[in-house]
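Reviewing the structure listed below.
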């Protein structure tokens, strides 16, 4: 697929939705309460290090992971711990901090000074909690300190529906991004940046030194890091790769140049039900209530932290998660549709041409959360293959997962995939199968067995 | 529609658990979801979904069958009036055909859906849409003279033995409609071959030299018998004798193109079947000797006689009983096409080979997929260790 260094993704599908984010960047002030959510981290069982009433600085430890005590999770802001909020079975859901008006930071500057070696960088990243931004494939869990990854992959464009424009986002923090890349170079492994080919504004990434640049073309999921890894250097059994988002590289760059842990994010607000879309400069853990209040259409809305394919269904009040950079608001499915399967369906988006909406290719759709039909046994074949640009047989892999056939899962390439890569399969599925859930189950089985 | 919606909402509690008509929940649910696409929202995973569902898919297949159905109705009338040498208009032909064909369709749907509802009620699962297509396929592959009780019998056999014993739509291993056809063929051979293709009227006299033979009968007598009795144009257009929906290659191809364009039917399978039949025909032309007259029949005739086109477009493409991998679909299609021609040529006593060929490779489809998957695994490993 590679031609003149450009990797062309042919299979996939761009879901065009109403409500693209306006290229305006606003500031979202710090809310009174800021929360860290242990549930953001896959396979992390938190052990608390603080309790209500404690004072913390930004970068102070809040909890650690039970089986990997080196993983520390830290406060994004300074203030007083007001509550450790628990859900069912006393599972810790949120650690709430009453944020100080004047922010105080833990000082990492002495240890974060150059020269940066693997050991010194690792120590500061772990101690500050910034290590948790580095994740690994297979499994999408937080990277292991002792692993020797064969590369670090950074996807510099997001192809998901209504995704933020990362060229614009990183342009605001170009120096910190470059500093972050220099820090990561201390690991002495190749760093791969994947860029969207032929778009203006990607110079912000293409000008970075000391990295391998790859250009991609084609529809979603071309921007998924898993798809990019598959085309650049597939993961073989026993191998591990690390990956981060560009905004996390910025945080790491800032940490090592200023000595402060300050997990800032530029978050996009998008979707058909948002009155005024924009980008918001904020910090992980900040409440997003303020940007939604009065800014969404009335009626029954669905709030999504992330994009419409992989995001998390949340309430209108909540906190920005550790890996989030997008909020989407779409209408909830509220009415059943009379003879919906029989009508021409000009307003129905479909990969197939069974509705007459194919007449207008560039139309942007206002989709709601309707399943558009009931779940059925698996009938129609050949659909998933059209939207999964990997050398993987999706249906056979899913069947192996359902049959808990470990050997088959491994042979069919389960180590290369993640839920997000299969999200489009779920979108197009005629039988409305919970595809991502099945993939999750398969990955979980393999993690526990491996 | 608001009135209808509120009526349904009003009577709904009666059918829900604990209501007095609880037993009829399946029937109610089937009708409700038929009228209204439910507002079920996505829970886990994706928040938006493609507009398509199984109802729409099945509906698209039915639309694709309409050209073959309408032409079939017309042809029933045309064959009837031609047999008696009577002049008839397009409308005459069509009306005569409709009177003959509609009862078959009604019986097929009535019996089949009745049993589907019953089984769904017994098992407590929702009614599947699969029979919407099967119920139309059955009439199209039967001769117009078939007795209605036999249609009822075939429909019942299809639903019970073809599908429900396996667990319903999506779990059957063979194409249900073809299974019905095969069942009738072996159970009632007298009604399934011979002078059965034209609706007769004992009160009238046939034209001189009338023959009720189909293209397949002439085929067995050799190339010259076929070409001297029926023109290629007639075979392609479909003004010939045969099952109700199978005669017009043109009408079937229209449906096939629609299926391919909408993405509902597999172009790999369709192309594979036609290519397999044509290539095998060419090979036989090359090897032609005296022992089997069918060998010398020009290859393209195979594609336009008998049920070849109908089988390729509507039967072989059934996703549940076909191969599931993309490469497997090619192999499966090519094999069906080639095997049909082999059967036709070497077994003159049994003319319609398409049906058995498809059923045969339905059974082998999982094996084809298995081989494709094994090969995929091997190449994956190989490329991984390069």
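Observations on the model:
- Whether a residue is within 11 Å of chain B (Cβ to nearest Cβ), assigned to a loop (DSSP other than H, G, I, E, B), in contact with a helix residue (DSSP H, G or I) (Cβ under 8 Å, 6 or more places away or on another chain) and within 30 Å of residue A:243 (Cα to Cα) was assessed, and residue A:309 passes this test.
- Residues that are within 19 Å of the chain's Cα centre (by Cα), in a helix (DSSP H, G or I) and more than 22 Å from residue B:319 (Cα to Cα), drawn from the stretch A:383-422: A:415, A:416, A:419, A:420, A:421
- Within the stretch A:388-402, the only residue that satisfies the criterion of being farther than 17 Å from residue A:443 by Cα and facing chain B (nearest Cβ under 10 Å) is A:391.
- Taken as a whole, the structure leaves residue A:328 outside the set of residues that are more than 7 Å from every other protein chain (Cβ to nearest Cβ), under 19 Å from residue B:43 (Cα atoms) and in a loop (DSSP other than H, G, I, E, B).
- Residue A:441 being part of a helix (DSSP H, G or I), closer than 25 Å to residue A:135 by Cα, out of contact with any helix residue (DSSP H, G or I) (no Cβ under 8 Å at 6 or more places or on another chain) and in contact (Cβ under 8 Å) with a residue 24 or more places away in the chain: no
- Any helices (runs of 4 or more DSSP H) falling wholly within the stretch B:189-304 and containing at least 3 residues that are modelled with pLDDT of 80 or more and in contact with a helix residue (DSSP H, G or I) (Cβ under 7 Å, 6 or more places away or on another chain): B:232-237, B:249-262, B:267-287, B:299-304
- Yes/no for residue B:168 being assigned to a helix (DSSP H, G or I), under 23 Å from residue B:60 (Cβ atoms) and in the same structural domain as residue B:359 (by TED's automatic domain parsing): no
- Count of residues meeting criterion [within 11 Å of chain B (Cβ to nearest Cβ) and in contact with a helix residue (DSSP H, G or I) (Cβ under 7 Å, 6 or more places away or on another chain)] in the stretch A:409-419: 5
- Only one entry in A:372, A:368 is more than 7 Å from chain B (Cβ to nearest Cβ), touching a strand residue (DSSP E or B) at 6+ places or on another chain (Cβ under 8 Å) and not in a helix (DSSP H, G or I), namely A:368.
- Residue B:274, sole failed condition from (1) away from chain A (no Cβ under 14 Å); (2) buried (at least 24 other Cβ atoms within 10 Å of the Cβ): (2)
- Which listed residue is more than 10 Å from every other protein chain (Cβ to nearest Cβ) and either within 18 Å of residue B:59 (Cα to Cα) or surrounded by fewer than 17 Cβ atoms within 10 Å (Cβ to Cβ) (or both), from A:355, A:378, A:406: A:406
- Selection status of residue B:305, closer than 19 Å to residue B:238 by Cβ and either surrounded by fewer than 24 Cβ atoms within 10 Å (Cβ to Cβ) or touching a residue at least 40 places away in the same chain (Cβ under 8 Å) (or both): yes
The values are calculated or read from the model by the stated rules, or taken from the named source; none is laboratory data. What you see is a predicted model; the values in this text were computed from it and never measured. All Cβ positions, glycine included, derive from the backbone under ideal geometry; neighbour counts span all protein chains shown.
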